[in-house]
Amino acid sequence: MRSSPHIGTDVNPGEYNSDPPTSGLHYAAAAPAGFYDENIYTYPKGYLVHSLEHGYVIFWYNCDLLDESACSELKSQIRSVMDELGGVKLIAYPWNSIDVPLVMTSWGHMRRFEAFDAEQAKAFYHTNLNKSPEPNVP
């Protein structure tokens, strides 16, 4: 696995090979683990891809495709799995450009979900955690 070069945080990292990204140009700073209810970055991909490089697994969720109740349920399901897994190297991030409610990524890998499946989400995590160019970085 090859790492990708770092770019300045004042630079838009541009287009990636997939949406959401699984690798590519990124910032020198990574996004911390946790559940994000809203976008907090100007160019979030740059931070999130760096987290992937460190072996993280990311839940990218799109509540724009769901009604309020279904969105709350999806967030609850994601949080439940994150809690069960101890939150280690896990991020959940809102991403309204995907055409399904949920996509999980790790470095170079992607799993799309039309509907949440806790067992498949946990399996993706266990299969892909730390499978990255810099897995020993927290």
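The values are calculated or read from the model by the stated rules, or taken from the named source; none is laboratory data. Computed from a prediction, not measured in an experiment: that's the story for all the values here. Glycine also receives a Cβ, built like all others from the backbone with ideal geometry; neighbour counts cover every protein chain displayed.
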Positions within segment 96-111 being under 19 Å from N17 (Cβ atoms), in a loop (DSSP other than H, G, I, E, B) and either basic (K, R) or free of Cβ contacts under 8 Å to residues at least 40 places away in the same chain (or both), in sequence order: D99, V100
Which numbered condition E114 misses (of (1) farther than 10 Å from V57 by Cβ; (2) out of contact with any Phe, Trp or Tyr (no Cβ under 8 Å at 6 or more places or on another chain); (3) touching a residue at least 40 places away in the same chain (Cβ under 8 Å)): (3)
Set A115, A28, A70: member being within 20 Å of P135 (Cβ to Cβ), surrounded by fewer than 16 Cβ atoms within 10 Å (Cβ to Cβ) and not acidic (D, E): A28
Inter-residue pairs, beta-carbon under 7 Å, first part of a loop (DSSP other than H, G, I, E, B) and in segment 117-138, second of a type in the set (K, R), 6+ apart: L129/K89; P133/R2
Answer residue from segment 1-60, given it is in contact with a Ser or Thr (Cβ under 8 Å, 6 or more places away or on another chain) and β-branched (V, I, T) and is farthest from M104 (Cα to Cα) among those: V49
Every pair of residues 6+ apart whose Cβ atoms lie under 8 Å, when the first sits in segment 65-93 and is in a helix (DSSP H, G or I) while the second is surrounded by 14 or more Cβ atoms within 10 Å (Cβ to Cβ) and of a type in the set (S, T, Y): L74/Y61; K75/Y61; I78/Y61; V81/Y125
Odd one out for Y56, checked against (1) buried (at least 18 other Cβ atoms within 10 Å of the Cβ); (2) farther than 16 Å from Y125 by Cα: (2)
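For (1) at pLDDT below 95; (2) in contact with a helix residue (DSSP H, G or I) (Cβ under 9 Å, 6 or more places away or on another chain), each residue gets a yes or a no:
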position	(1), (2)
T22	no, yes
Y41	yes, yes
G55	no, yes
I58	no, yes
L66	no, yes
E73	no, no
L85	no, yes
Y93	no, yes
T127	no, no
Tally of residues being farther than 22 Å from H126 by Cα and in a loop (DSSP other than H, G, I, E, B) across segment 20-53: 11
Sole residue being buried (at least 21 other Cβ atoms within 10 Å of the Cβ), touching a residue at least 12 places away in the same chain (Cβ under 8 Å) and either of a type in the set (S, T, N, Q) or within 26 Å of V88 (Cβ to Cβ) (or both), chosen from S51, S18: S51
